[in-house]
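Enquirer: Before anything else, here's the structure in question.
The values are calculated or read from the model by the stated rules, or taken from the named source; none is laboratory data. All figures in this text were calculated on a predicted structure; none of them were measured in a lab. Cβ coordinates were reconstructed from backbone atoms using ideal geometry, including for glycine residues, and neighbour counts include every protein chain displayed. Ligands, DNA and RNA are stripped out before the accessible areas are found, and what is left, the full protein with its side chains, is counted by its heavy atoms. Shrake-Rupley method; radii C 1.70, N 1.55, O 1.52, S 1.80 Å.
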Amino acid sequence: MKFSLVKGFSFVVFGLMLLVGCQNSDAANEQSEENNVDAEETHDHSNETEEDNAHKQEEESEHDHEHDHSHDEETQEIYDGYFEDSQIEDRELSDWEGDWQSVYPYLQDGTLDEVFEHKAEHSDEMNDEEYKEYYQIGYETNLDRVVIEENLVSFFENGEENSAEYTYDGYEILNYEAGNRGVRFIYERVEDVEELPQYIQFSDHSIFPTKADHYHLYWGDDREALLDEVTNWPTYYPTEMDGRDIAHEMMAH
């Protein structure tokens, strides 16, 4: 009888242990399923985030491209002489700082002939010889080199160098017969140097502060008379460029 009670009690304990084990197993399975669901949800959310980021980056890229394209169009319009008065800003002489050479010698030695041929191919107005004659008048000058450091401008003409300081004297807007416009930025000589012009005027197709990559220069003692000069516009590029580099730069515009 004693053995039976013990044996019965053992069966009861064993049954309870099986019941607890099953419950623990069910709980573990439920937890595992919940973890799997959470992992799936996390994975789906991660995918959505990656897709959203990719879409956002694509939209930003398209926006930047549109902005750059718009900026290029605006820059080209200004270069071509179409702009509003409100867009014009004063400029420091430092915009033209550097060592500059006249392009006239490259016209004379034939280096720029490919430029005139290129223009003729893209125009019905003139052939290459007519373009060369037109630029012959435009580029002609004895001022071979100009060096600008801060407010000091050095002129190199016929082997002689003369320098003087110049100060800003405002700008003037020019209206051309073709319907486009230009801006001359004007500087007046500070010192009394008879060999040098009282005024110099820059035109580089820009209308607000920016570093020039080339420019047309006008000089003389009569400020107003210089504004009427539209046929002779000596042109200057950095001295470190050779004639071929300059020709390719011209054709790019």
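Enquirer: Tell me, in nm to one decimal, what length is gained between residue 178 and residue 248 on full extension, where the rule is 0.36 nm per residue of separation less the Cα-Cα distance? Don't skip to the answer; put the middle values down first.
Expert: Working: separation 70, 0.36 × 70 = 25.20 nm, distance 2.58 nm.
Taking 0.36 nm per residue and subtracting the Cα distance, the gain is 22.6 nm.
Enquirer: What FRET efficiency comes out for the pair residue 137/residue 188, r = Cβ-Cβ distance, R0 = 30 Å, nearest 0.05?
Expert: 0.65
Enquirer: By its C-alpha gyration tensor, with a ≥ b ≥ c as the square roots of the eigenvalues, how is region 126-183 shaped: rounded for a/c under 1.5, else prolate for a/b larger than b/c, else oblate?
Expert: On the way: a/c = 4.25, a/b = 1.34, b/c = 3.17.
Since a/c reaches 1.5 but b/c is at least a/b, the shape of region 126-183 is classed as oblate.
Enquirer: May I ask you to give the solvent-accessible area per residue for region 146-232, in square angstrom, as obtained with a 1.4 angstrom probe?
Expert: 52
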